[in-house]
Amino acid sequence: MKTDQPQRLAPVALLIIWIRGFISWWPLFVGGGLSILRADMSFNQFLLWGGLIVGVLVLTLIWSILHYLRFTYLVAPNGLTINSGVLIRKVNHIPYDRIQTVQRQQWFF
């Protein structure tokens, strides 16, 4: 792996980012799901709630893709550089002598 070019997260991170964004909208999905299950709902209300739910799913997917594409890191000889942010770009440079601890977590794969 070359260390002179910024790296992206693993592709599975895109799925994790999307799931986290999806979970943050849970009240809409619960409210919309319960509204759709009502027997006296008109077709227009069904389309409204269904469209709202699908729209939020699509928007969270687009936001997740943008977040994934805009997040990069660089392991340089003098420190770590992390670039992030979709609307507001953030650049964090962390020299190695400022790093005090490294905690590593590994999922089941």
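The values are calculated or read from the model by the stated rules, or taken from the named source; none is laboratory data. Being a predicted model, the structure only gives us computed values, none of them experimental. Glycine also receives a Cβ, built like all others from the backbone with ideal geometry; neighbour counts cover every protein chain displayed. These area figures cover heavy atoms from the full protein model, side chains too; ligands, DNA and RNA do not enter into them. Shrake-Rupley method; radii C 1.70, N 1.55, O 1.52, S 1.80 Å.
Numbers at a glance
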read-out: The lone exception for K2 - which of (1) modelled with pLDDT of 90 or more; (2) on the phi < 0 side of the Ramachandran plot it fails; value: (1)
read-out: Options R70, R8: the member that is open to solvent by 80 Å² or more (accessible area, probe 1.4 Å), touching a helix residue (DSSP H, G or I) at 6+ places or on another chain (Cβ under 8 Å) and at pLDDT 90 or above; value: R8
read-out: Residues being assigned to a helix (DSSP H, G or I) and either touching a Cys at 6+ places or on another chain (Cβ under 9 Å) or aromatic (F, W, Y) (or both) - total across segment 48-88; value: 3
read-out: Residues that are surrounded by 13 or more Cβ atoms within 10 Å (Cβ to Cβ) and not β-branched (V, I, T), drawn from segment 30-47; value: G31, G32, S35, M41, Q45, F46
read-out: Residue match in segment 2-12 (condition: farther than 24 Å from L52 by Cβ, among the hydroxyl-bearing types (S, T, Y) and out of contact with any Pro (no Cβ under 6 Å at 6 or more places or on another chain)); value: yes
read-out: Inter-residue pairs, beta-carbon under 9 Å, first more than 19 Å from L59 (Cβ to Cβ) and in segment 25-49, second of a type in the set (S, T, N, Q) and surrounded by 14 or more Cβ atoms within 10 Å (Cβ to Cβ), 6+ apart; value: M41/S35; Q45/S35; F46/S35
read-out: Residues satisfying the stated conditions in segment 15-29, i.e. assigned to a helix (DSSP H, G or I) and open to solvent by 50 Å² or more (accessible area, probe 1.4 Å); value: L15, I16, W18, I19, R20, F22, I23, S24, W26, P27
read-out: Pairs with Cβ under 8 Å, 6+ apart, first in segment 79-104 and among the small types (G, A, S), second open to solvent by 100 Å² or more (accessible area, probe 1.4 Å) and not in a helix (DSSP H, G or I); value: S84/K90
